[in-house]
1. For the charge dipole of the chain, defined by +1 on Lys and Arg C-beta atoms and -1 on Asp and Glu C-beta atoms about the Cα centroid, which residue among His280, Tyr118, Val165 has the Cα displaced farthest towards the positive pole?
2. Taking 0.36 nm per intervening residue step and subtracting the Cα-Cα distance, what contour gain separates Ala136 from Glu171 on full extension?
3. So what is the calculated 222 nm ellipticity per residue for the chain, using -39500 (n - 2.57) for each DSSP H run with n of 4 or more, over all residues, to the nearest 500 deg cm²/dmol?
4. Could you put Asp154, Asp204 in order, starting from the residue whose Cβ has the fewest other Cβ atoms within 10 Å?
5. For Met169, Met225, Met215, which order do you get if you count the other beta carbons within 10 Å of each Cβ and list the fewest first?
6. Run through the DSSP bridge list for the chain and note the antiparallel percent, rounded to the nearest 5.
7. Could you work out the local net charge near Gly58, counting Lys and Arg as +1, Asp and Glu as -1, over the other residues with Cβ closer than 10 Å to its Cβ?
8. In region 126-178, what GluC sites (Glu not before Pro) fall in a loop by DSSP, with at most 10 other Cβ atoms inside 10 Å?
Amino acid sequence: MTFNYRHGFLKKLYQQLPRAQSFTYSKPAARRGVCRVIMASSTNIPRVLSIQSHVVHGYVGGKCAVFTLQRLGFEVDPVYSVQFSNHTGYPTFKGSVFDGKHLQDLLDGLEVNELTNYSHLLTGYIGSVSLLNKIAEVCRKLKEWNSELTYVCDPVLGDEGRLYVPLEMVESYRNTIVPLASILVPNQFEAELITELKINSPADGFKACTKLQEMDPHTVVITSMTLASEPGTVTLLASTSISQDRGPSYQQVSLTIPRINAYFTGTGDLLAALLLGRLHKRPNDLSTAIEEAVASLQSILLDTAEACGEEVLMAPRSADVCNKRELRLIQGQEHLVDPKIILRCVPNIAS
């Protein structure tokens, strides 16, 4: 380690640095007012490139994911697929949809400055086909730089039978994006669109998981299934090809979640971030990772529902109502890092 200094405060700073750290300061850099401190210990902190929607007000898309992952100990660099004033459930929203050139320009800047050492790529809502195609290129490039990159893909296409995006994006996900993903987190409708299979039962859901895994993701989590036989609950299914500490029977699990009779926006975005964080820490314990992620999500939703009150939860979606229903992510942030697990996964006995 070399260190050249002329200023007393730099000498003092150097003397205070632990031995595990390195400090680089050069005279030319000093003239530009640039001082670069490299913490050796920080190389162990996972870094996420998060590409998804952003809102100025509220908590959906990246606004959910970035804060959540930071609280879980990740460095997060956000790229906006869209930037809106608020989420699209409000009566009015304003903003811009970004394209592939926008992403390429940002990546070029990161590459020139050697800032592309990501451990994870996370994608959510993508507002244009050109951006989706560019994400595929970016993912391949990131994997060249880090062959161990984990790509967590939330293929935001729609929900409850309604598409949010142009139909052509379904084929792009199926043929281009899903084969690049490590972990895929669709809801029931999205899993049906990509696999072209109808899901009416847990057995159907696990068949869809298997078909998606055959496209190359090692882990698939169908985050929310509604079964006609169980209207009061939501079912989550998960399947992984990674060996599990609890044995092979836990490579396919399900979790039954009591339904909260209210509509919130951003729940899928929050769950995708929680799953990334928990699965990173527990790669061989899918069940516990899911239990922790769902416990955090449910606690945030219950806090939000309690704060809203029944009148707000049942009211038509005016701007005021939408604002009151925004996820109470900041107020409930301790739930993100210290979830109280109540619901437990069960293995798929038929697997």
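What follows draws every value from the coordinates through simple rules; no lab data is involved. Everything quoted here is computed from the prediction, not taken from an experiment. So basically every Cβ, Gly included, is an ideal-geometry build from the backbone, and we count neighbours across all protein chains shown.
1. Comparing the listed Cα positions along the dipole, Tyr118 ranks first.
2. Length gained, Ala136 through Glu171: 11.3 nm.
3. -11500 deg cm²/dmol
4. Values: Asp154 29, Asp204 19.
With the sparsest Cβ surroundings first, the list reads Asp204, Asp154.
5. Lowest count first: Met215, Met169, Met225.
6. 50
7. It works out to a net charge of +1.
8. Glu148, Glu160
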